[in-house]
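First up is the structure itself, then whatever we jot down about it.
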Amino acid sequence: MNPTDVPTQTRLDHLLGLADDALVAAQRLGEWVAAAPELEEDVALANIALDQLGAARLLLTYAGELEGAGRDEDALAYLRDDREFRNALLVELPNGDFAVTMAKLLFVSAYQLPLYTALTGCTDERLAAIAGKARKEVAYHLDHASLWTVRLGDGTEESHRRMQAAVDEIWPYTHELFTPDPAAPVDPAGLRDAFLAAVEPVLATATLDRPADGWAPSGGRSGLHTEHLSYLLAEMQVLHRAHPGARW
Amino acid sequence: MTTRTDPTWRAAASVVDPELRVLTIEDLGVLREVATDRDSGRVTVTITPTYTGCPAMDVIRDDIRAALAAAGHPGAEVVTVYAPAWSTDWISETGRAKLAAAGIAPPGPAGTTGPVPLTLSVRCPLCGAADTEQVSRFGSTACKSLWRCRACREPFDHLRAF
Ligand SMILES: [Zn+2]
């Protein structure tokens, strides 16, 4: 679909969905800095968070310009309330233990990789360029999460138990990522096959059971979030709101 | 579009990457174009980031403006483009040699699409041995991974194919 045929508010919601997924994922991953199981993992998660933040900044800047109301990336990141965020519920869920964090990263990156790949060919050239950058970075995120999922799933009895519990806990939240949206530059409904093709072999290699499809919580794309997002935003936004325009 | 021998290109090309100080932005392939407006004389420099979240980009932009001001072109504009996406394949032969000389193993071919490029083996930039192992996929900056040489036992950085 030609982007100019789609109402601006609809395009804005799509951009914010992409941007907020990346921004909230970055904020969650950043919580691991100085708390990861080993120094190398600290560095890895910080790097992945930085990639997500980089994509979020470009997407928010674009969204602000499209909106035309004078909001820049900071205004959109720091001055919107939870009901205005368009991220999927999955990314706002707490980090849990390391296995939960890896399950979240596995599922998010297995969704973002085919999404960004498809967006690279969309008619919105600016969005296509951003997706072309992000696609290459997300390939590394998926690789990293896959390696850890296998290492933990096919590891000790305890690591296997935790990884299976993490996959079971997060799986229901993956359904929201593929909610049909024919007006979107790439309809997410068409991405689930690629997602399953990436995730199922990893789970099998990790000797983990692929959970059955059932409960499918949603609401994030329309601003109806879990209580976890409010706490995340409070921490992320407090400095900017207490000291508007603060710089260092 | 300016040729690579033009003083404005040379000025911009002298800027080094703050995280890989042995490389200039020309060696890296980050510098894409330098143009001078025929009427106003204003210089526009086009660059592309290595990674979207690369914190070095702001410093690079400042350094480009300073380098051009020093070359007699104050008020240069720096434009950032994202397509085509930067690739480690754009690092010049000179750049690869400088990396190796600095103890950083240069990247292999990145390819165009698909999953993470397979890294078969990385030669130790310190002793040349091929018997090396990856310690961490993510290193001290977004573009590096951390390796260890089994022959000389030294750790080293490897610029990941990207
Ligand atoms: Zn060695």
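Specify the angular offset, from 0 to 90 degrees and rounded to the nearest 10, of the alpha carbon long axis of helix A:227-242 from the longest principal axis of the alpha carbons in chain A. Helix A:227-242 and the main axis of chain A meet at about 50 degrees.
The Kirkwood hydrodynamic radius of chain A, based on inverse pair distances between different Cα atoms, is 18.4 Å. In chain B, the calculated helix contribution to ellipticity at 222 nm averages -6000 deg cm²/dmol per residue, counting -39,500 (n - 2.57) for every DSSP H run with n ≥ 4. Rg over Rh for the range B:92-159 works out to 0.95, using Cα positions for both radii and the Kirkwood form for Rh.
Computed in the context of the full set of protein chains, the accessible area of the protein assembly as shown at 1.4 Å probe radius has 54% of its extent on carbon or sulfur. Averaged per residue, chain B has 48 square angstrom of accessible surface, using a 1.4 angstrom probe with ligands and nucleic acids left out. Once the partner protein chains are put back, the range B:122-140 shows a loss of at least 50 square angstrom of accessible area, versus the chain by itself, at B:Arg137, B:Phe138 (probe 1.4 Å, ligands and nucleic acids excluded). Normalising the average separation of contacting C-alpha pairs (under 8 angstrom, six or more residues apart) by the number of residues puts the relative contact order of chain B at 18 percent. Cβ distances below 4.7 Å define possible disulfide partners, and in chain B the cysteines left without one are B:Cys54, B:Cys143. Counting every C-alpha pair in chain B, the share spaced more than 27 angstrom apart comes to 30%.
Of the residues A:Ile130, B:Thr88, B:Ser145, the one whose Cα sits farthest towards the positive end of the charge dipole of the protein assembly as shown is B:Thr88 (charges of +1 on Lys and Arg Cβ, -1 on Asp and Glu Cβ, taken about the Cα centre).
Each of B:Met57, B:Val15, B:Ala71 was scored by the projection of its Cα onto the charge dipole of the range B:7-80, and the greatest displacement toward the positive side belongs to B:Ala71; charges sit on the C-beta of Lys, Arg, Asp and Glu. Across the range A:44-169, the mean sequence separation of Cα contacts (distance under 8 Å, 6 or more residues apart), normalised by length, yields a relative contact order of 24 percent. Contact residues in the range A:119-143 by the 20 Å² criterion (accessible area, 1.4 Å probe, full protein complex versus chain alone): A:Ala129, A:Lys133, A:Arg135, A:Lys136, A:Glu137, A:Ala139, A:Tyr140, A:Asp143.
Scanning residues 5 or more positions from B:Glu154 or on other chains, those with amide H under 5 Å from its amide H are B:Cys149, with H placed 1.01 Å from N in the peptide plane.
Between the amide H of B:Gly139 and those of B:Lys144, B:Ser145, B:Leu146, distances stay under 5 Å, these residues lying 5 or more places away or on another chain, with hydrogens modeled in the peptide plane.
Across peptide A:62-75, the average count of Cβ atoms from other chains found within 10 Å of a residue's Cβ is 0. To the nearest 10 degrees, how steep is helix A:98-119 against the longest Cα principal axis of chain A, on a 0 to 90 scale? Result, in degrees: 50. About its Cα centre, the dipole of the range A:67-115 is roughly 220 debye, where the only charges are +1 on Lys and Arg Cβ and -1 on Asp and Glu Cβ.
Across chain A, C-alpha contacts under 8 Å between residues 6 or more apart give a mean separation that, scaled by the residue count, equals a relative contact order of 24 percent. Nearest 100 Å² is fine: how much accessible area is buried between A and B, summed over both sides, with a 1.4 Å probe? Its buried surface, counting both partners, is about 2100 Å².
If R0 is 25 Å, the Cβ-Cβ spacing of B:Thr94 and B:Thr3 corresponds to a FRET efficiency of close to 0.90.
Compared with the dominant Cα axis of chain B, that is its longest principal axis, helix B:56-70 is turned about 40°. Within the range B:7-80, the proportion of Cα pairs with more than 14 Å between them is 53 percent. The H on the amide N of B:Val78, modeled in the peptide plane, is under 5 Å from the matching H of B:Val45, each at least 5 residues off or on a different chain.
The separation of the range A:160-195 from the range B:62-86, counted between C-alpha centres, amounts to 42 Å.
Let me know the charge dipole size of chain A about its Cα centre in debye, to the nearest 20, where only the beta-carbon of Lys, Arg (+1) and Asp, Glu (-1) is charged.
400
The values are calculated or read from the model by the stated rules, or taken from the named source; none is laboratory data. Predicted, not measured: the structure shown is a model, and the values here were computed from it. Don't worry about glycine lacking a Cβ; one is built from the backbone with ideal geometry, like all the others, and counts go over all protein chains shown. Only protein heavy atoms, including side chains, enter the accessible area calculation; ligands, DNA and RNA are left aside. Shrake-Rupley method; radii C 1.70, N 1.55, O 1.52, S 1.80 Å.
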